[in-house]
Amino acid sequence: MNTQALQDPIKRDCFQTTLKDHLLSEFPDNIKEHWTKLKTSIIAACEQTIGYQTKKHQDWFDENGSEIERMIDKKRKAFQIWQRDRDCATKGKKKTYANAKNQRTKKHLVDKKKAQEIQHLADTHDAQSFFKATKTIYGPINHGICPLRSADGTTLLKDKEAIALCWKGHYQHLLNHNSPIAAEVLSQIPQKQIRDELAVSPNLGEVCTTINQVKNNKASGPDGIPAEIFKVGGIELTQQLHKLIKKIWEREAIPAVFRDAKIINLFKKR
């Protein structure tokens, strides 16, 4: 979602009004259907008002187009002179070399300026802008398939599907095996006194406080809805979210979409 657009008061008000209209209809009593309708309403309001964020990769020559165009024009004129007088081939080569050298010099100056800007971001501890600037320079990283040795250690897997199945089997064994701790040992662990006040379902004020405490510019979950959307969605969105949480709390039933988690393998660099 293009959360940057929410900084514009006009677009923010438009988003809040559109979302409010989507939330006016009756919500189903079923927990899963309640969340599905709430998620659909939020995404629809975002698509109609702020849209999605487009990736922009600014190359070093984009902001220096006029200077480069002038150098290309010089090169073009030098080539035309060389075409009219074949005897000045050596002079034409020198001209071409000079143009190429000037272009490299220009790129070096631009790279130096970018490096100074990134260093300033690092010195001021602006982590978000720092990583955004470095990603703009280096561009997206293309990850190749990393071979994986099979569980028995006899085969080196290179097929993407075979690697995925191997990881699936590994995590199924890791996360679903029986606990080695005996039940009688667990029963001997000292228990804390039960605090009945913690059994009370969260109220609307607590939900508002929790939403405001969530940090911005963080990766969204599988639903693709960032925290900024909930912060500016208005009281109607918070009320519907509170109703959903209250249903989950009282019925002690969590939708599968809230229980599912993604496991990402982080490989060590050697």
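The values are calculated or read from the model by the stated rules, or taken from the named source; none is laboratory data. Note that the coordinates shown come from a computational prediction; the quantities given were computed from them, not determined experimentally. When we count neighbours, we look across all protein chains shown, and the Cβ atoms used for this are built from the backbone with ideal geometry, even at glycine.
Quick look at the values:
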read-out	value
Meets criteria (out of contact with any helix residue (DSSP H, G or I) (no Cβ under 8 Å at 6 or more places or on another chain) and in the same structural domain as Ile31 (by TED's automatic domain parsing)) for Glu206	yes
Odd one out for Ile225, checked against (1) within 25 Å of His22 (Cα to Cα); (2) free of Cβ contacts under 8 Å to residues at least 40 places away in the same chain	(2)
Every residue from the stretch 248-261 that is assigned to a helix (DSSP H, G or I) and buried (at least 16 other Cβ atoms within 10 Å of the Cβ)	Ile248
Which numbered condition Ile225 fails, given (1) closer than 22 Å to Gln128 by Cα; (2) of a type outside the set (Ser, Thr, Tyr); (3) exposed (fewer than 10 other Cβ atoms within 10 Å of the Cβ)	(3)
Hits in the stretch 148-180 - residues which are touching a helix residue (DSSP H, G or I) at 6+ places or on another chain (Cβ under 8 Å) and farther than 20 Å from Lys262 by Cα	Ser150, Ala151, Leu157
All positions within the stretch 6-42 that are farther than 15 Å from Gly234 by Cα, surrounded by fewer than 18 Cβ atoms within 10 Å (Cβ to Cβ) and of a type outside the set (D, E, K, R)	Ser25, Phe27, Pro28, Asn30, Ile31, Thr36, Thr40
Residues being among the basic types (Lys, Arg) and modelled with pLDDT of 85 or more - total across the stretch 129-177	4
Test: residue in the stretch 182-202 that is closer than 30 Å to Leu237 by Cβ and surrounded by 10 or more Cβ atoms within 10 Å (Cβ to Cβ)	yes
Ser220, sole failed condition from (1) within 15 Å of Thr238 (Cβ to Cβ); (2) assigned to a loop (DSSP other than H, G, I, E, B); (3) not hydrophobic (A, V, I, L, M, F, W, C)	(1)
Cβ pairs under 6 Å, 6+ apart, first in the stretch 190-216 and hydroxyl-bearing (Ser, Thr, Tyr), second surrounded by 10 or more Cβ atoms within 10 Å (Cβ to Cβ) and in a helix (DSSP H, G or I)	Ser201/Lys246; Ser201/Trp249
So Gln213, is it of a type in the set (S, T, N, Q) and loosely packed, with under 10 Cβ neighbours inside 10 Å	yes
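For (1) over 21 Å from Ile225 (Cβ atoms); (2) among the aliphatic types (A, V, I, L, M); (3) at pLDDT 90 or above; (4) not assigned by TED's automatic domain parsing to the domain that holds Leu244, each residue gets a yes or a no:
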{"residue": "Arg12", "(1), (2), (3), (4)": "no, no, yes, no"}
{"residue": "Ile42", "(1), (2), (3), (4)": "no, yes, yes, no"}
{"residue": "Asp73", "(1), (2), (3), (4)": "yes, no, no, yes"}
{"residue": "Ile81", "(1), (2), (3), (4)": "yes, yes, no, yes"}
{"residue": "Asp85", "(1), (2), (3), (4)": "yes, no, no, yes"}
{"residue": "Lys91", "(1), (2), (3), (4)": "yes, no, no, yes"}
{"residue": "Ala98", "(1), (2), (3), (4)": "yes, yes, no, yes"}
{"residue": "Thr105", "(1), (2), (3), (4)": "yes, no, no, yes"}
{"residue": "Ala115", "(1), (2), (3), (4)": "yes, yes, no, yes"}
